[in-house]
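The structure appears below as structure tokens.
The values are calculated or read from the model by the stated rules, or taken from the named source; none is laboratory data. Just so it is clear, the model here is predicted, and its values are computed rather than measured. Please note: Cβ atoms are built from the backbone with ideal geometry, for glycine as well, and neighbour counts cover all protein chains shown.
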Amino acid sequence: MSFSKYISGIYTGLKSLVGGMMVTWKQFWSKKVTMEYPENRKTLVISDRWRSELIMPHDENNEHACTACGICMRNCPNGTINVISKKVVNEEGKSRVALDKHLWDYGMCTFCNICVISCPSNAIIFNNDFEGAVFDREKLHHQLNHPGSKLREKKKTVPAAPKTPVAPAPEATEATRPTPSVVTAGTSTSPAHNKTDNAPKTSPSGNLSNEHTDKENN
């Protein structure tokens with residue numbers, strides 16, 4: 001190796017060293033970015049999108065929404081979920097599948113959120129609690145369903161009776177409209193069969209009847 005290359009190598013190394021020290025010197029006087037845990041526990045703000053621990057929400061009656069279908073277990077790429085089901089008999093005497101244990105391995109989970117997305121009943125979610133470190137690996141195995149919990153039954157709604165549609169009244173046409181009657185002064189509007197027929201009656205031969213002739217003679 002020539003003397004010129006030796007000197008150029010030393011110069012390049014010193015230039016890189018000075019450049020790195022300049023970055024360190026600037027960051028030394030800037031505002032602190034990272035903090036030593038847990039000195040910022042009370043003021044720490046965690047995003048709602050942060051995924052930490054898989055949980056199964058329960059209501060005040062210790063009921064959950066998991067139907068033990070096993071879709072989350074089959075879709076997990078790392079096999080961190082194990083769903084154990086059992087057969088139970090409901091009030092109607094029918095046998096159905098119910099959840100016995102929903103197990104999740106915290107240490108193997110990659111927090112990909114596939115189990116939450118694929119759950120048809122929205123029974124599991126990720127919380128944003130970042131304090132998940134433990135000293136015993138056995139504590140990384142979580143049972144998500146609470147002891148004595150059961151499936152939240154859906155309320156049966158009685159369908160309302162369908163309303164009978166009322167057909168609109170047909171419009172009056174020229175054929176169905178009543179013909180207005182014109183009453184002339186001095187005339188009666190009573191039916192013809194209520195009138196007293198005083199006209200002389202004739203026989204089929206054209207002569208006046210005997211009854212009318214007798215009235216005229218009297």
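Taking residues in region 66-84 that are within 13 Å of Leu103 (Cα to Cα) and at pLDDT 95 or above, and partners anywhere that are part of a loop (DSSP other than H, G, I, E, B) and β-branched (Val, Ile, Thr), the pairs with Cβ atoms closer than 8 Å and at least 6 places apart or on different chains are Cys66/Ile124; Cys72/Ile124.
Under the condition of being at pLDDT 85 or above and not polar (S, T, N, Q), the residues counted in region 134-160 number 16.
Quickly run through region 123-154 and pick out the residues that are of a type in the set (A, V, I, L, M) and surrounded by 12 or more Cβ atoms within 10 Å (Cβ to Cβ).
Ala123, Ile124, Ile125, Leu140, Leu144, Leu151
Put simply, of Asp59, Asp100, Asp105 the only residue that is of a type in the set (D, E, K, R) and over 17 Å from Leu151 (Cβ atoms) is Asp105.
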